[in-house]
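Some notes on the structure that comes next.
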Amino acid sequence: MTVLGIESSCDDTAAAVVEDGRLLSSVVSSQILHEKYGGVVPELASRDHQRSIVDVVREALSGAGVDIPAIDAIAVTYGPGLAGSLLVGLSYAKALAGARNLPLAGVNHIDGHIYSVFIEEPRPAFPFLCLVVSGGHTLLVRVDDEFRHELLGTTRDDAAGEAFDKVGKMLGLPYPGGPEIDRSAAGGDPTFHDFPRASLEGYDFSFSGVKTSALYYLNGHGDHGRRVLLQEHMADVCASFQAAVVDMLMSRLTKAVEATGVERVAITGGVSANSALREAAAAYCDRSGLELFVPRPVYCMDNAAMIAVAGYHKLIAGKTSPLTLTADANAAFNQARLTSG
């Protein structure tokens with residue numbers, strides 16, 4: 001089965017082709033126009049998707065060495081995400097599926113991130129714990145089988161990636177701030193400043209406190225002192241903030257491992273590309289005798305390869321989505337959007 005995957009939930013227009021679960025091509029067109037605004041502008045994102053979608057799909061098909069008649073099914077993100085952005089990819093996928101009489105698999109964006117660890121070998125066996133960490137989402141999920149998962153915890157306020165980006169903006173770093181903080185932290189001292197760590201009951205996360213603490217810390221130096229601090233200690237401040245976020249992520253993950261006894265751990269989403277998080281997870285899993293699965297950085301960010309792979313697994317299970325499938329900007333993670341095929 002050859003599946004074309006389409007992803008347009010935020011500011012990346014992406015298409016990919018998989019054949020029997022094996023990735024043939026993956027193309028991502030990232031929108032750089034948002035940098036001057038310090039964040040994604042939804043209307044501009046939607047318009048750029050419209051300009052890019054046809055060329056991106058063509059490039060993915062060409063890279064896979066196939067053409068439209070060779071495609072057996074379409075997988076597409078229906079939510080969550082920006083409504084206008086989602087509509088572009090979903091409308092294209094539905095039109096193509098309808099015109100070619102192809103089955104359609106609507107994929108929840110979070111499922112896509114979970115299935116990013118199935119893009120390449122080695123792939124985890126079930127069950128496994130998956131920490132999904134991105135700019136819009138922070139969740140801890142127990143994955144028991146194909147699309148059978150238990151949501152253990154989520155953020156009560158900001159997502160981890162959102163906190164990284166907002167603090168990056170406070171520090172005067174280019175957008176997106178998360179990767180810039182990671183780069184700046186490379187030579188810094190993570191003990192330079194002790195940012196607070198939120199500790200909640202259960203497995204939930206909270207990052208608004210550490211973000212606000214960073215604001216108060218910077219403002220507390222005054223304008224001149226702040227400039228001097230960042231000129232002399234930018235790496236130290238970044239390393240200290242990054243350490244706090246990573247500690248909070250790892251504390252929930254280790255608690256879940258101890259409570260469930262699950263011996264396989266996956267970390268996915270854009271923030272899973274963060275070097276400090278990858279190092280902390282690798283060290284913990286090595287000490288604890290756990291298997292760790294983290295996608296290559298190119299598959300941590302939003303991409304259509306994960307959507308195509310997730311869609312393939314749904315389709316071989318005989319599950320399809322109707323052509324009446326609608327974009328859902330606030331789609332719940334466990335919300336059923338499939339019907340028996």
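The values are calculated or read from the model by the stated rules, or taken from the named source; none is laboratory data. Since the model is a prediction, treat every value here as computed from it, not as a measurement. Please note: Cβ atoms are built from the backbone with ideal geometry, for glycine as well, and neighbour counts cover all protein chains shown. Calculation scope for accessible area: heavy atoms of the full protein, side chains included, ligands and nucleic acids excluded. Shrake-Rupley method; radii C 1.70, N 1.55, O 1.52, S 1.80 Å.
In nm, what is the difference between 0.36 nm times the number of residues separating Leu323 and Met1 and their Cα-Cα distance?
Additional length available on full extension: 113.9 nm.
Give the calculated FRET efficiency between Glu19 and Val298 to the nearest 0.05, with a Förster radius of 30 Å applied to their Cβ-Cβ distance.
On the way: r = 19 Å, r/R0 = 0.64.
Here the calculated transfer efficiency is 0.95.
Among all the lysines, which ones have a C-alpha under 27 Å from Lys94's C-alpha, if same-chain residues fewer than 8 places away are not counted?
Reachable lysines: Lys314, Lys319.
Please report the carbon-and-sulfur percent of the accessible area for region 168-266; probe 1.4 Å, protein heavy atoms only, DNA, RNA and ligands left out.
50
Excluding Asn274 itself, calculate the net charge of residues whose Cβ lies under 13 Å from the Cβ of Asn274, where each Lys or Arg counts +1 and each Asp or Glu counts -1. The partial results should precede the final answer.
Numbers: positive: Arg183, Arg278; negative: Asp165, Glu180, Asp182, Asp247, Glu279.
Combined, the nearby Lys, Arg, Asp and Glu give -3.
Are there DSSP H segments in the chain that both extend 30 Å or more along their axis (alpha-carbon positions) and score a mean Kyte-Doolittle hydropathy of at least -0.5? List them, or say none.
42-64, 222-260
Tally Lys and Arg at +1 and Asp and Glu at -1 over the other residues with C-beta under 12 Å from the C-beta of Leu215: what net charge comes out?
Once positives and negatives cancel, what remains is +4.
In the set (1) 158; (2) 124; (3) 144, which value of volume of the Cα convex hull per residue in Å³ was calculated from the structure you see?
(2)
Once you keep just the Cα pairs under 8 angstrom separated by 6 or more residues, what percentage relative contact order results for the chain? Before the final figure, lay out each step's value.
Working: 743 pairs, mean separation 83.4, N = 341.
It comes to 24 percent, rounded to a whole number.
Roughly speaking, what is the centre-to-centre gap between region 238-311 and region 20-90 when only Cα atoms are used, to the nearest Å?
Each part's Cα centre sits 25 Å from the other's.
If each of Glu263 and Val54 carries a label point 7 Å out from its Cα toward its Cβ, how far apart are those two points in nm?
Computed distance between label sites Glu263 and Val54 equals 5.4 nm.
Which log10 I(q)/I(0) values does region 250-328 give at q = 0.16, 0.21, 0.25, 0.26 Å⁻¹ under the Debye formula, counting every alpha carbon as one identical point scatterer?
Debye curve over Cα of region 250-328, log10 I(q)/I(0) at q = 0.16, 0.21, 0.25, 0.26 Å⁻¹: -0.76, -0.98, -1.13, -1.17.
Determine by what factor the alpha-carbon radius of gyration of region 202-269 differs from 2.2 N^0.38 Å, reporting the quotient. Spell out each step's value before the answer.
Numbers: Rg = 16.4 Å, N = 68, 2.2 N^0.38 = 10.9 Å.
Dividing the Cα Rg of region 202-269 by 2.2 N^0.38 Å gives 1.50.
Classify region 42-143 as rounded, prolate or oblate, taking a ≥ b ≥ c as the square roots of the eigenvalues of its Cα gyration tensor: rounded when a/c is under 1.5, otherwise prolate if a/b is larger than b/c and oblate if not.
Cα axes put region 42-143 in the oblate bin.
Reachable lysines from Lys211, Cα under 28 Å, same-chain residues fewer than 8 places away excluded?
Of all the lysines, those that pass the test against Lys211 - Cα under 28 Å, at least 8 places apart if same chain - are Lys36, Lys166, Lys169, Lys255.
Roughly how many Å² is the accessible area per residue of the chain, as a whole number, for a 1.4 Å probe?
About 42 Å² of surface per residue is accessible.
Run the numbers for Ser288 and Glu150: contour at 0.36 nm per residue of separation, minus the present Cα-Cα distance, in nm.
47.4 nm
Among residues other than Ala304 whose Cβ falls under 10 Å from its Cβ, what is the net charge (Lys/Arg +1, Asp/Glu -1)?
Value of the local net charge: -3.
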